[in-house]
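Working notes, beginning with the structure itself.
The values are calculated or read from the model by the stated rules, or taken from the named source; none is laboratory data. The structure displayed is predicted, hence computed values, not measured ones. As a convention, Cβ positions derive from the backbone with ideal geometry for all residues, glycine included, and neighbour counts pool all protein chains shown.
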Amino acid sequence: MKKFIAVILVAAAVIGAVIFASNYKTESTADNDYLRIHVRANSNSDIDQNIKYKVKDEVVKYITPYAAQCTDKAAAMEVIGGILSDIEKVCDRVLRENGFSYKSKAGVRAEEFPTRVYGELTLENGLYDALIIELGSGEGDNWWCVIYPPLCFTSGTADVKYRSAIYDIIHKFFK
């Protein structure tokens with residue numbers, strides 16, 4: 001009898017895990033319609049975090065006209081990929097003007113992102129193509145948003161907040 005109960009419990013756990021996984025599926029490839037931007041600070045010191053936002057503001061200002069002309073993700077990746085050295089120049093200028101000796105490095109590649117909410121749009125956690133900008137060592141906290149479609153390049157600020165998967169499960173259960 002104990003074995004029977006154990007089998008039932010294991011089966012219930014497996015079924016529950018399958019149901020959970022099917023309801024909270026994550027993006028496993030960068031095959032989606034978003035091109036994100038990720039600016040990593042040199043460190044978590046106040047000064048490195050502050051310069052990260054100054055660099056971000058100038059990069060957003062520089063990229064905006066390029067992002068506006070893109071009609072799909074492939075075009076955005078091509079355009080952004082073609083101006084990487086210019087993006088680095090913008091970043092390095094801001095760093096230099098503010099007394100920093102370290103440089104930036106920009107590239108477009110696939111990277112893992114957590115779930116993020118941009119106003120009414122939720123981007124699930126997963127692998128996304130992104131413009132990655134590392135300031136200095138790139139080991140500090142970061143800022144990210146979306147280049148295509150141009151969510152971060154329309155209003156200058158994004159209404160971004162974390163979303164809890166646990167909250168979603170509880171909320172869905174009690175609905």
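Against the definition (assigned to a loop (DSSP other than H, G, I, E, B) and not hydroxyl-bearing (Ser, Thr, Tyr)), how does Pro150 come out, yes or no? For Pro150, the condition - assigned to a loop (DSSP other than H, G, I, E, B) and not hydroxyl-bearing (Ser, Thr, Tyr) - is met.
In this structure, does Ala106 turn out to be in a strand (DSSP E or B), within 18 Å of Gly138 (Cα to Cα) and modelled with pLDDT under 95?
No.
The sole residue among Tyr53, Tyr66 that is part of a helix (DSSP H, G or I), without any contact (Cβ under 8 Å) to a residue 24 or more places away in the chain and not small (Gly, Ala, Ser) is Tyr66.
In the set (1) out of contact with any strand residue (DSSP E or B) (no Cβ under 8 Å at 6 or more places or on another chain); (2) assigned to a strand (DSSP E or B); (3) of a type in the set (A, V, I, L, M, F, W, C), Val94 fails one condition alone, (2). From the list Leu127, Leu135, the one residue that fits, being closer than 17 Å to Ile37 by Cα, of a type in the set (A, V, I, L, M, F, W, C), modelled with pLDDT of 90 or more and within 12 Å of the chain's Cα centre (by Cα), is Leu127.
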